[in-house]
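Values quoted throughout were computed directly from the atomic coordinates according to the rules given, and no laboratory measurement underlies them. Just so we're clear, the structure is a prediction, and the values are computed from it rather than from any experiment. FYI the Cβ positions are ideal-geometry reconstructions off the backbone, even for glycines, and counts take in every protein chain you see.
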Amino acid sequence: MGVFNNLVLFDQQVAQNSMGSIVPDLANGWSWSEEGTELTMPLRHGVRWHDGKPFTAKDVQCTWELLSGRSAEELRLNPRKTWYSNLEEVTANGDYQVTFHLKPPQPSFLALLASGWSPVYLCHVLPRDMRVHPIGTGPFKFVEFRPNERRRRLVWDIERKLIEDDVRPVLFHPRGVVCNQPWVKGMTQIVNGIYNGSRFEEVWLDE
């Protein structure tokens, strides 16, 4: 999961996902009520978010309130909301146990929690702040985000090469090709790209 963890996930060592390949992650395990409408999960102790705060059942509760549209906060896009239309509520039983309360029984609910789209988020940081600086419990820690850094560097490299070659090419091709003419040597033309003396981002330097 990279920056985040799930409560449960599909075993990555098994070639095909199935209900039998679901294993614990932030949860220690799970059990269903006799009616099949309550899924209870004990949580791992000693887990911390990357900012040092402890992971608790409150974070799980906040996550699924957010995903199901019951939170005061909102995600900018929330395609998973429909996944949880059968979820009545999530209750925290102390700091290290949660229960998902379903309307009618839904055995496949566990598979939704195991999906790669079901990470647990923290309660103490707003969703809008998580967009630019995500904080998780996973093996990788977010450091910084530089938007369009690669694009800018690419354009600068192209302009430097054009200056070195003393060229001002005007290029247009209906499909991606490699231009071998001497006045554009070393350039790869992308679909419908054009260079007319201004900045452009569709002409790539050959490796």
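The GluC sites (Glu not before Pro) of the range 10-52 that DSSP puts in a loop, and whose beta carbon has at most 15 other beta carbons within 10 Å, are Glu34, Glu35. Using Cβ point charges alone (K and R +1, D and E -1), the dipole size of the range 8-130 about the Cα centre works out to roughly 320 debye. Spin-label pair Val143-Gln97: with each label point 7 Å from Cα along the Cα-Cβ axis, the two points sit 4.2 nm from one another. Going from the residue with the fewest nearby Cβ atoms within 10 Å to the one with the most, Val90, Val143, Val98 rank Val143, Val90, Val98. Under the convention that each Lys and Arg Cβ holds +1 and each Asp and Glu Cβ holds -1, the size of the dipole of the range 11-71 around its Cα centre is about 300 debye.
Per-residue Cβ neighbour counts within 10 Å put Phe145, Phe109, Phe100 in the sequence Phe145, Phe109, Phe100, beginning with the fewest. Between the residues Val120, Thr137, Pro147, the greatest Cα displacement towards the positive end of the dipole of the range 107-152, with unit charges on the Cβ of Lys, Arg, Asp and Glu, is found for Pro147.
Sparsely packed loop sites in the range 59-161 (the GluC sites (Glu not before Pro) outside DSSP H, G, I, E and B with at most 16 other Cβ atoms within 10 Å) comprise Glu73, Glu74, Glu144.
Counting neighbouring beta carbons within 10 Å and listing from fewest to most, the residues Thr99, Thr137 come out as Thr99, Thr137.
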